[in-house]
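S.K.: Please find one structure pasted underneath; my questions will follow.
The values are calculated or read from the model by the stated rules, or taken from the named source; none is laboratory data. This is a predicted model, so every value here is computed, not measured. Virtual Cβ from ideal backbone geometry, glycine too; neighbours counted across all protein chains shown.
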Amino acid sequence: MKRIITPEILSGKVKVPPSKSLSHRAIIAASLCEGKSKVDNILFSEDIIATLNIMEQFGAQIVRGKDYVIIDGIKDFKIPEKELQCNESGSTLRFLIPMGLLSGGQCTYVGNGKLVSRPIDTYIKILEEQGIDYKYDGSLPLTLDGTLKAGDFVVPGNISSQFITGLLFVLPLLEENSKIIIEGPLESKGYIDLTIDILKTFGIDILNLNHQEYIIRGGQKYKARDYYVEGDYSQVAFWIVAGIIGDGIEIEGINEFSLQGDRRVLDIVKEMGADLEFKDNNLIVSPSKTKGITIDGSQCPDIIPVLSVLAALSQGETRVVNGARLRIKESDRIKSTIDIINRLGGNAVETEDGLIIEGKDSLKGGSVDSWNDHRIAMSSAVAAIRCEGKVTITGSSAVNKSYPTFYEDYTQLGGKVSGEYI
C-alpha cells in the first residue's frame with residue numbers, strides 16, 4: 001500500500017488505541033487463569049491476533065467481541081497440533097516461548113518478516129542449560145520438545161525485557177521456587193513494571209529486588225478477573241508530536257500515572273520545550289517551539305522514531321544515545337529513522353548507538369519507505385505536517401501491525417491522505 005499525504009496542520013481531539021503492551025499481557029494472564037475473564041478495550045491488530053491465536057492453541061477458549069475478549073482459561077495445556085504463527089510480533093514470540101515448555105510436548109514457533117531473524121539467544125542458552133531438546137539454526141522456525149524446570153535464571157540486563165516477561169508468566173506455575181538474576185543494568189525497566197503489575201492484578205506475587213533479582217514463588221495460581229486496557233503511550237507519542245508541530249491536539253482517555261515505559265515521552269518533550277497539560281483523563285498538547293536535547297533511547301526505544309521527527313523540526317542539535325537495541329526492532333530503526341528524515345529534507349546522521357539530528361524550521365517532502373515498520377510509517381505521516389510538498393509512503397499498511405485505524409484518525413484531525421495499492 002502506498003499513501004500520499006498532502007501537508008496540513010492537524011488539530012482537534014483523538015482517542016488513542018489501547019496499549020498493545022498491556023493487551024498482550026492481559027490476554028496471556030487471563031488465559032492462564034482458572035475460570036473466565038473479560039479483557040475490555042482491545043484493538044485487534046495483527047500482533048494481538050497472533051497472541052490470541054496461540055493462546056487458543058494452548059487450550060484457552062476465547063470469544064471475540066467488537067472491542068473485547070472473554071477468555072476461559074487453560075484447564076490442561078494442549079500440545080499444539082499446528083505451528084505457532086507469531087507473524088511479525090516480537091512480544092508474541094518472546095512472551096510465549098516459555099509457555100510452550102508447559103505443554104510437555106513438541107511445538108514449533110514460526111514468524112514472518114524480520115521477526116524470523118530477531119535474536120532469541122537468551123532462551124537458547126536456557127534450553128541448553130536445562131537439557132531441553134530444540135531445533136533452531138539461528139532463525140525461525142524454533143521447535144521445542146521438553147518441560148521447563150524451576151531454578152535460577154541469569155539474564156543480561158541489556159537485552160529485551162520481553163525475555164524476562166516470558167519467564168515471569170510461567171515460573172509461578174512451576175512447583176518449585178525460582179529466581180531471575182539480572183547481569184548489569186536493566187534496560188526497559190518500565191516494561192517489567194507493567195508485567196509485574198499485571199501479574200499482581202491476576203493474583204500472582206513477584207518479589208522485585210530493585211530490578212536486580214526477581215524472586216518467584218512456585219505453585220501459584222492465576223485468578224480470573226475483568227480488566228480494562230488503558231490507552232497506549234507508544235501511540236500517544238505520535239499525536240503529542242503532531243500537536244506540538246501542528247495546531248494543538250487533545251488526546252482522550254490517557255492515564256496520567258501509567259506505568260508504561262513510553263510515558264517518558266511526556267518528560268522528553270517537556271524538556272524540549274513542549275506545552276502539555278492534563279485535564280481529567282485528557283492530555284492537551286499545545287503548539288510549541290522546541291529545542292534539541294540529548295535523549296537516552298535505552299528505556300523507550302519504540303518512541304525514538306517520532307521523537308526524531310520532532311528533533312528534525314526543533315532548534316539546534318538533538319542526540320539520541322544508548323539506542324543500540326533500535327537496530328533489532330521491526331527495522332534497524334537507527335537507519336530507517338535517518339532515512340526518512342533525510343529523504344524528507346532533514347539533516348540526520350548515524351552513530352554506533354543512536355542519531356545526531358540538526359533541526360530545521362520545515363522539511364521539503366518527498367518519497368519514503370516504511371521499511372515494513374509501523375512506527376516508521378506513522379512517523380513519516382507525522383513529519384508530513386511540516387513538509388512543503390507532498391509525502392509518499394510506500395508500505396504504508398505496516399501500521400496494521402499495531403494501529404490499523406491510524407490514517408482514519410489522521411484524517412479526522414484534518415490530514416489529507418490518499419492511497420493506492422501497488
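S.K.: Suppose the filter is modelled with pLDDT of 95 or more, of a type outside the set (Phe, Trp, Tyr) and not in a strand (DSSP E or B); does Ser288 pass it?
M.R.: yes
S.K.: Within the range 67-84, restricting attention to residues that are touching a helix residue (DSSP H, G or I) at 6+ places or on another chain (Cβ under 9 Å) and loosely packed, with under 13 Cβ neighbours inside 10 Å, which residue is nearest to Gly231 (Cα to Cα)?
M.R.: Result: Lys82.
S.K.: For the condition within 19 Å of Asn400 (Cα to Cα) and surrounded by fewer than 24 Cβ atoms within 10 Å (Cβ to Cβ), what is the one hit in Ser23, Ser45?
M.R.: Ser45
S.K.: Now a separate question. Looking at the range 351-374 only, could you name the residues that are under 19 Å from Ser314 (Cβ atoms) and outside any loop (DSSP other than H, G, I, E, B)?
M.R.: Within the range 351-374, Thr351, Gly354, Leu355, Ile356, Ile357, Glu358, Leu363 meet the criteria.
S.K.: Something else about it: Keeping to the range 40-78, report how many residues are touching a Gly at 6+ places or on another chain (Cβ under 9 Å), modelled with pLDDT of 95 or more and assigned to a loop (DSSP other than H, G, I, E, B).
M.R.: Within the range 40-78, residues that are touching a Gly at 6+ places or on another chain (Cβ under 9 Å), modelled with pLDDT of 95 or more and assigned to a loop (DSSP other than H, G, I, E, B) number 6.
S.K.: I would also like to ask the following. I need every pair where a residue in the range 276-305 that is closer than 25 Å to Leu413 by Cβ and free of Cβ contacts under 8 Å to residues at least 12 places away in the same chain has its Cβ under 9 Å from the Cβ of a residue that is acidic (Asp, Glu) and surrounded by 17 or more Cβ atoms within 10 Å (Cβ to Cβ), sequence separation at least 6 or different chains.
M.R.: Close Cβ pairs satisfying both conditions: Lys279/Glu250.
S.K.: Can you tell me which residue is farthest from Glu88 (Cα to Cα) among those in the range 391-401 that are under 20 Å from the mean Cα position of the chain (by Cα) and crowded, with 24+ Cβ neighbours inside 10 Å?
M.R.: Once the filter is applied, the top-ranked residue is Ser396.
S.K.: Could we say that Thr108 is among the hydroxyl-bearing types (Ser, Thr, Tyr), crowded, with 23+ Cβ neighbours inside 10 Å and assigned by TED's automatic domain parsing to the domain that holds Phe163 here?
M.R.: no
S.K.: Could you list, in sequence order, all residues of the range 1-39 that are assigned to a helix (DSSP H, G or I), among the hydrophobic types (A, V, I, L, M, F, W, C) and under 30 Å from Ile284 (Cβ atoms)?
M.R.: Matches in the range 1-39: Leu22, Ala26.
S.K.: Continuing with the same structure: Sort out which residues of the range 221-236 are in contact with a helix residue (DSSP H, G or I) (Cβ under 7 Å, 6 or more places away or on another chain) and polar (S, T, N, Q), and write them in order of number.
M.R.: Across the range 221-236, the qualifying residue is only Ser234.
The rows are residues; the columns are (1) under 21 Å from Thr201 (Cα atoms); (2) not small (Gly, Ala, Ser); (3) not assigned by TED's automatic domain parsing to the domain that holds Thr165.
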site	(1), (2), (3)
Ala26	yes, no, no
Gly35	yes, no, no
Ile42	yes, yes, no
Gln57	no, yes, no
Gln61	yes, yes, no
Ile71	yes, yes, no
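S.K.: On to the next question. Considering only residues that are part of a helix (DSSP H, G or I) and not aliphatic (A, V, I, L, M), which ones fall in the range 95-125?
M.R.: First pass over the range 95-125, keeping only residues part of a helix (DSSP H, G or I): 95-100, 113-117, 121-125.
The answer is Phe95, Pro98, Gly100, Gly113, Lys114, Ser117, Asp121, Thr122, Tyr123, Lys125.
S.K.: Taking the range 76-100 only, how many residues are over 23 Å from Ala398 (Cβ atoms) and touching a strand residue (DSSP E or B) at 6+ places or on another chain (Cβ under 6 Å)?
M.R.: Going residue by residue through the range 76-100, those that are over 23 Å from Ala398 (Cβ atoms) are 76-83, 97-100.
Then drop every residue that is not touching a strand residue (DSSP E or B) at 6+ places or on another chain (Cβ under 6 Å), which leaves 80, 83, 100.
Counting residues in the range 76-100 that are over 23 Å from Ala398 (Cβ atoms) and touching a strand residue (DSSP E or B) at 6+ places or on another chain (Cβ under 6 Å) gives 3.
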